[in-house]
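The values are calculated or read from the model by the stated rules, or taken from the named source; none is laboratory data. Since this is a predicted model, take the numbers as computed values, not measurements. Note: ideal-geometry Cβ built from the backbone for every residue, glycine included; neighbour counts use all protein chains shown.
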């Protein structure tokens, strides 16, 4: 039976001993800050200690994968979160940036076997992006449950 993903509920668990790395792009800062706030609010439900959460800030989306790679290579983090926002403009730049950040994050995740939450918004306009800033918490749910599953396998 195929389940409707929207009805799949991920319940917070005690991750108080876990370490979380967050890499947030400053470009479209008013949106990425809201995503980060939502991630951090949800982190409290998992009992993640603020002292076990590192936040690395980079200029734009293209810079996110390299910092994720450095964090993943350290072996210190149970899970990582990529936060960025790419809004379509009048040129093909949107497609390139969206492709590079997506492929970069996937590569880091697979190369280092470290789960990474894809809290990267790729939207046609600012209104769409602002409407999706609350998804940060759901992205954290997904990555923490993925990390727990990988521990159990």
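Worth a mention:
- Residue that is modelled with the lowest pLDDT [pool: residues in the stretch 1-36 that are over 10 Å from residue 83 (Cβ atoms) and part of a helix (DSSP H, G or I)]: 5
- Number of the condition not met by residue 127 [criteria: (1) touching a strand residue (DSSP E or B) at 6+ places or on another chain (Cβ under 9 Å); (2) surrounded by fewer than 18 Cβ atoms within 10 Å (Cβ to Cβ)]: (1)
- Between 40, 71, 66, the distinction of being assigned to a helix (DSSP H, G or I), loosely packed, with under 15 Cβ neighbours inside 10 Å, touching a residue at least 12 places away in the same chain (Cβ under 8 Å) and out of contact with any helix residue (DSSP H, G or I) (no Cβ under 7 Å at 6 or more places or on another chain) belongs to 66 only.
- Cβ-Cβ contacts under 6 Å between residues 6 or more apart (or on different chains), taken from a first residue in the stretch 114-129 that is closer than 19 Å to residue 92 by Cα to a second residue that is in a loop (DSSP other than H, G, I, E, B), are listed as 121/132; 124/88.
- If you go through the stretch 43-61 and keep only what is over 14 Å from the mean Cα position of the chain (by Cα), surrounded by 17 or more Cβ atoms within 10 Å (Cβ to Cβ) and assigned to a helix (DSSP H, G or I), you end up with just 52.
- Where helices (runs of 4 or more DSSP H) fall wholly inside the stretch 81-153, the ranges with 2 or more residues that are in contact with a helix residue (DSSP H, G or I) (Cβ under 6 Å, 6 or more places away or on another chain) are 93-112, 136-152.
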